[in-house]
Structures are given as C-alpha cells and as structure tokens.
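Student: Below is a structure I'd like to ask you about.
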Amino acid sequence: MLIDNQTAVEESGGFTTERLLELADRVPGLRGEAFDTAVSTMKHQDFVTASQAAYEHTGDDPIGPGTPSFGINSKLVPEGFRGVFFEEQLTEDLLTVVRSDPSGRQNYQS
C-alpha cells in the first residue's frame with residue numbers, strides 16, 4: 001500500500017499522520033484503536049529512524065539502494081534483475097534454486 005502510493009504521497013507532502021490513517025482505511029482489518037494510537041503518537045519512531053539509517057548504509061548509493069529492493073542471503077539483487085520478483089513463477093523458481101544451493105556455487109543453466 002505504501003509503495004503503491006509512494007510517488008503521489010511524496011509529491012503532496014509525505015506520509016503525514018492523516019495520510020497514513022487514510023491509506024490504512026484501504027486495508028481491511030488494519031484500523032483500530034491500537035493502530036490509530038501508534039500512528040498518532042509515532043510509537044515506533046525510534047525503530048523507523050534506526051531502519052532508515054541502516055537502509056541508507058546499504059550498498060554504494062549514499063541514500064540507499066532504492067525501493068523496492070531485494071536481498072538473497074545478505075546479497076542485494078542488482079536492479080536489473082528485480083523485475084523477476086513481480087512474476088510469481090519466476091520468483092518461485094529463483095527461490096527453489098537458492099534453497100537448493102545457498103552458496104551459489106553450482107553452475108545454473110536454463
């Protein structure tokens with residue numbers, strides 16, 4: 001939901017409390033007193049800040065690898081290959097190969 005709306009939100013001032021709650025309305029079962037309070041009080045701000053700092057130190061780009069990003073066995077998947085993750089069967093095939101040889105030492109052929 002957040003990634004789907006990222007560009008529009010960034011162009012209109014960012015993920016404000018009001019915007020986050022509005023987007024949460026679109027996710028069945030998400031809204032409730034606990035969720036609304038956590039968003040309104042920024043309960044998880046320390047976690048978000050720490051996550052952002054860790055993300056920014058991933059890869060060679062000083063602002064982070066971009067979204068969406070994918071990693072397998074602690075290795076960032078190069079941007080040119082990320083499209084595979086939007087195809088269910090290709091993703092399943094890739095993960096099957098990775099599970100069978102996590103070291104990546106086998107010579108894979110299609």
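Student: Quick one: angle between helix 45-56 and the longest Cα principal axis of the chain, in degrees between 0 and 90, rounded to 10, please.
Tutor: It is inclined by approximately 30 degrees.
Student: I've got another one for you. For the chain, which whole-number percentage of the solvent-accessible area (1.4 Å probe, protein heavy atoms only) is attributable to carbon and sulfur atoms?
Tutor: Answer for the chain is 55 percent, counting heavy atoms of protein chains only.
Student: With equal scatterers on the alpha carbons only and no solvent term, can you work out the Debye log10 of I(q)/I(0) for the chain at 0.19 1/Å?
Tutor: Normalising to I(0) and taking log10 leaves -1.14.
Student: Distance in nm between label sites at Arg99 and Asp61, each 7 Å beyond Cα in the beta-carbon direction?
Tutor: Inter-label distance under the simple model: 3.1 nm.
Student: Subtracting the Cα-Cα distance from 0.36 nm times the residue separation, let me have the gained length for Val48 to Leu23 in nm, one decimal.
Tutor: 7.2 nm
Student: Between Ser12 and Glu79, what's the calculated FRET efficiency when r is the beta-carbon distance and R0 is 30 Å? Round to 0.05.
Tutor: Details: r = 26 Å, r/R0 = 0.88.
It comes out at approximately 0.70.
Student: Please give the calculated 222 nm ellipticity per residue for the chain, where each DSSP H segment of at least 4 residues contributes -39500 (n - 2.57) and the sum is spread over every residue; nearest 500 deg cm²/dmol?
Tutor: Working: 5 runs with 48 residues, N = 110.
Helix contribution divided over all residues of the chain: -12500 deg cm²/dmol.
Student: Could you report the chain's accessible area per residue, 1.4 Å probe, as an integer in Å²?
Tutor: 80
The values are calculated or read from the model by the stated rules, or taken from the named source; none is laboratory data. Values in this document were obtained by computation on a predicted structure and should not be read as measured data. When we count neighbours, we look across all protein chains shown, and the Cβ atoms used for this are built from the backbone with ideal geometry, even at glycine. Heavy atoms of the whole protein, side chains included, go into the accessibility calculation; ligands, DNA and RNA do not. Shrake-Rupley method; radii C 1.70, N 1.55, O 1.52, S 1.80 Å.
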